[in-house]
């Protein structure tokens, strides 16, 4: 029996001109997401510069935490679930992704950075991308299958625009959903279009990205590869420590302040102030991409010898876990870049390997381990640093992925193919 053609003109257009159909969707998604990310990056830069100019703002962090808690308690509803809400909606449609997630996470992330919280920006960009894409899908009355794809386009667009890495953003949207499977390839082209156009829109508005460089060009060397593989193990362990610590701090603080939840971010802000005095520097606050002073501890300076201290990676890990684990808003990825680059710097000094290469490998590999996205992170290395050292990129990311375990920063990830034989896969997945 032949299937009757659909009477819906949109369904007919989609079946005959699927590329044009998704291109039209991507144009709307990309313009709004790219514009939102550009605004976010500009505001974030201004917040960072303002904090550098007024160090006393750090003492307002506990009260900023209370305000952030109140905003989400009053207006957030399910928006507080963040990236996990978007991933869950892709796996099991029905709950929805509210549009209010965009202004809420943008506003509260800026507040976190203005007052000195240690956080990133990827989580904010992905949440904005997902919520904007979901609203567009609702306006267009897309079915469940297309709504799933448009949410993945939102992830790709937000990620690609905020880091200026559209290829990595495309693959990240497919890879982050589950461990052991590279997503639905039907979404590959739509996600690629959305990531590229969102990045271009972001550039159109004048929002720039930090440029990193690896000067090493010594070619392939077996001894260096051995050091890279061992460093990959360390990067994976750092990823695992970060994810484990984040979950433990969230659980412990939630139980400790179960009757007065607003005290969780207040206590977290106080801890950050105390840690700043113990560390003797403000370089572990905020993004950490650059520092207030040229010789400060930062991601950029981790690419040169002496640019960071041996345990800078651990300091940044603690600052970030306290900030995000106790209720402040922002992403985890840029702090993971910091942790990885600083750890790579320390390993290079111990092994004699090139500092800039090991810093770059840590930059992408710790992120790969914490998000279980080794393919996307290898491609990010190529986009950020060039393709000359791609073998080392892949080796470090795969090792970090394997040794990071299954408990990444996104609890909504499904386990399709376990990394280890004794771990069971998600029973709801084929």
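So, of the residues in the stretch 276-305 that are in contact with a helix residue (DSSP H, G or I) (Cβ under 6 Å, 6 or more places away or on another chain) and not in a loop (DSSP other than H, G, I, E, B), which turns out to be farthest from residue 70 (Cα to Cα)? Within the stretch 276-305, the match that is farthest from residue 70 (Cα to Cα) is 303. Confirm whether residue 136 is assigned to a helix (DSSP H, G or I), in contact (Cβ under 8 Å) with a residue 24 or more places away in the chain and buried (at least 24 other Cβ atoms within 10 Å of the Cβ). No; evaluated as a whole, the condition is false for this residue.
Residues checked against (1) within 18 Å of residue 169 (Cβ to Cβ); (2) buried (at least 24 other Cβ atoms within 10 Å of the Cβ):
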{"site": "337", "(1), (2)": "yes, yes"}
{"site": "362", "(1), (2)": "no, yes"}
{"site": "373", "(1), (2)": "yes, yes"}
{"site": "411", "(1), (2)": "no, no"}
{"site": "420", "(1), (2)": "no, no"}
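Among helices (runs of 4 or more DSSP H) entirely within the stretch 51-129, having at least 3 residues that are modelled with pLDDT of 95 or more and either outside the structural domain of residue 264 (by TED's automatic domain parsing) or out of contact with any strand residue (DSSP E or B) (no Cβ under 8 Å at 6 or more places or on another chain) (or both) singles out 61-71, 101-114. Residues in the stretch 375-408 that are over 17 Å from the mean Cα position of the chain (by Cα), over 18 Å from residue 217 (Cβ atoms) and buried (at least 24 other Cβ atoms within 10 Å of the Cβ): 399 only.
For the stretch 202-226, the set of residues classified as farther than 19 Å from residue 173 by Cα, in a helix (DSSP H, G or I) and under 22 Å from the mean Cα position of the chain (by Cα) consists of 203 only.
Only one of the numbered conditions (1) modelled with pLDDT of 95 or more; (2) closer than 27 Å to residue 22 by Cβ; (3) buried (at least 24 other Cβ atoms within 10 Å of the Cβ) is violated by residue 196, and that is (3).
The values are calculated or read from the model by the stated rules, or taken from the named source; none is laboratory data. Everything quoted here is computed from the prediction, not taken from an experiment. Ideal geometry is used to build each Cβ from the backbone, glycine not excepted, and the neighbour counts take in all protein chains shown.
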